[in-house]
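The values are calculated or read from the model by the stated rules, or taken from the named source; none is laboratory data. These figures come from a predicted structure and were not determined experimentally. Cβ placement follows ideal geometry from the backbone for every residue including glycine, while neighbour counts extend to all protein chains displayed. The area values use the complete protein model at the heavy-atom level, side chains included, leaving out ligands, DNA and RNA. Shrake-Rupley method; radii C 1.70, N 1.55, O 1.52, S 1.80 Å.
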Amino acid sequence: MKEVTKEVYLKWYEDMLLWRKFEDKLAALYIQQKVRGFLHLYNGQEAVLAGALHAMDLTKDKMITAYRNHVQPIGMGVDPRNVMAELLGKVTGTSKGMGGSMHIFSKEHRFYGGHGIVGGQIPVGAGLAFADKYFNTGGVTMTYFGDGAARQGSLHEAFNMAMLWKLPVVFIVENNGYAMGTSVERTANHTDIWKLGLGYEMPCGPVDGMNPVKVAEAMHEAIERARRGDGPTFLEMKTYRYRGHSMSDAQLYRSKEEVEEYKKIDPITQVLDVIKDQKYATDEEIEVIDQRVKDLVEECAKFAEESPYPDLQQLYDVVYAQEDYPFTPHKL
């Protein structure tokens, strides 16, 4: 695995802080009714993404996830201004304002959504991996889903085919404990979700999803296995979300005390503690990073709010292209 150096820790801190503040800004814009529909925030789960990105090759690896999907494309290289614009439904967004919160997408940066159907992305991730194997690209697909989606039948179908064909895919369940609002203990007679891989003789195991180093180590091993042609791995990232399932979640299923306990192992705080303990940066240098993140988030919000909404004609322009039907020309 690539060494976890001073530069890596500083990048992790800045990236995770950006993702956290980006989501906090979206929450504020949602309350102002500038973000419509549903809004699912990633606060608390940042180490899962930071660790994975350290192990990935962003020139050829892919990522697909569910609808808690705003910060992943930023990590993959998408301009955060365009991500925020998409959330506000603006034409400068990643899908020209027509995807919204749950459907961020960037083919250029190999981020394939953003899926609103629970578990719908699991077989699609296996399909992306099939394409990589077929065309011999050397790429690996990271297929993320939540603990609620682990109960979907499509998971078993995808696991079976992925093992049968030795697809270059890493399946990752981000187990934040509650799915939409029902604890893992109430959805099955087992709480170790990773053991679902045992039925397919798929390498699997639990990972501390609050520590980016642990995530990076597990992801490196899984990605290298896939790249060698040895097939998939199933990892259970044990993590926690500090906000509700969505902005409309009253969170009656857990106590405030429980949330505060998990904040004691906040991934951003863990990384910052290492930076301070190892003297990787002075307090002044950390303040510079904090200000840079704050400025970027404000720039994203300004860009999104000042961007125009798409024209009505765009609805017709993106439906389909048909050469012998000249009445609705496809412009995009």
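Table for the structure above
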quantity: Every residue from the stretch 159-179 that is touching a Ser or Thr at 6+ places or on another chain (Cβ under 8 Å) and under 16 Å from Gly120 (Cβ atoms); calculated: Val169, Phe171, Ile172, Glu174, Ala179
quantity: Residue check for Ala129: touching a Gly at 6+ places or on another chain (Cβ under 9 Å) and surrounded by fewer than 23 Cβ atoms within 10 Å (Cβ to Cβ); calculated: no
quantity: Flag for Met56 being hydrophobic (A, V, I, L, M, F, W, C) and farther than 21 Å from His115 by Cα; calculated: yes
quantity: Helices (runs of 4 or more DSSP H) contained entirely in the stretch 144-263, each with at least 1 residues that are open to solvent by 30 Å² or more (accessible area, probe 1.4 Å), over 24 Å from Met56 (Cβ atoms) and modelled with pLDDT of 95 or more; calculated: 153-164, 256-263
quantity: Met237 vs. criteria under 23 Å from Gly153 (Cα atoms), among the aliphatic types (A, V, I, L, M) and out of contact with any Cys (no Cβ under 9 Å at 6 or more places or on another chain); calculated: yes
quantity: Qualifying residue in the stretch 104-115 (condition: at pLDDT 95 or above, in contact with a strand residue (DSSP E or B) (Cβ under 6 Å, 6 or more places away or on another chain), open to solvent by 30 Å² or more (accessible area, probe 1.4 Å) and farther than 24 Å from Lys302 by Cβ); calculated: yes
quantity: Check on Gly148, in contact (Cβ under 8 Å) with a residue 40 or more places away in the chain and among the small types (Gly, Ala, Ser); calculated: no
quantity: Within the stretch 266-310, considering residues that are outside any helix (DSSP H, G or I) and in contact (Cβ under 8 Å) with a residue 40 or more places away in the chain, the one farthest from Arg81 (Cα to Cα); calculated: Gln278
quantity: Identity of the residue in the stretch 32-55, open to solvent by 50 Å² or more (accessible area, probe 1.4 Å) and touching a residue at least 24 places away in the same chain (Cβ under 8 Å), that ends up farthest from Lys238 (Cα to Cα); calculated: Lys34
quantity: Failed condition for Glu299, given (1) over 30 Å from Lys90 (Cα atoms); (2) touching a helix residue (DSSP H, G or I) at 6+ places or on another chain (Cβ under 9 Å); (3) open to solvent by 60 Å² or more (accessible area, probe 1.4 Å); calculated: (1)
quantity: Residues of the stretch 152-170 satisfying the condition of being closer than 16 Å to Glu236 by Cα and in contact with a Pro (Cβ under 6 Å, 6 or more places away or on another chain); calculated: Val169
quantity: Val207 being within 16 Å of Val48 (Cα to Cα) and out of contact with any Phe, Trp or Tyr (no Cβ under 6 Å at 6 or more places or on another chain); calculated: yes
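Okay, residues lined up against (1) at pLDDT 95 or above; (2) acidic (Asp, Glu); (3) not in a helix (DSSP H, G or I):
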residue	(1), (2), (3)
Leu10	yes, no, no
Asp15	yes, yes, no
Arg20	yes, no, no
Asp24	yes, yes, no
Leu29	yes, no, no
Gln33	yes, no, yes
Asn43	yes, no, yes
Ala47	yes, no, no
Ala50	yes, no, no
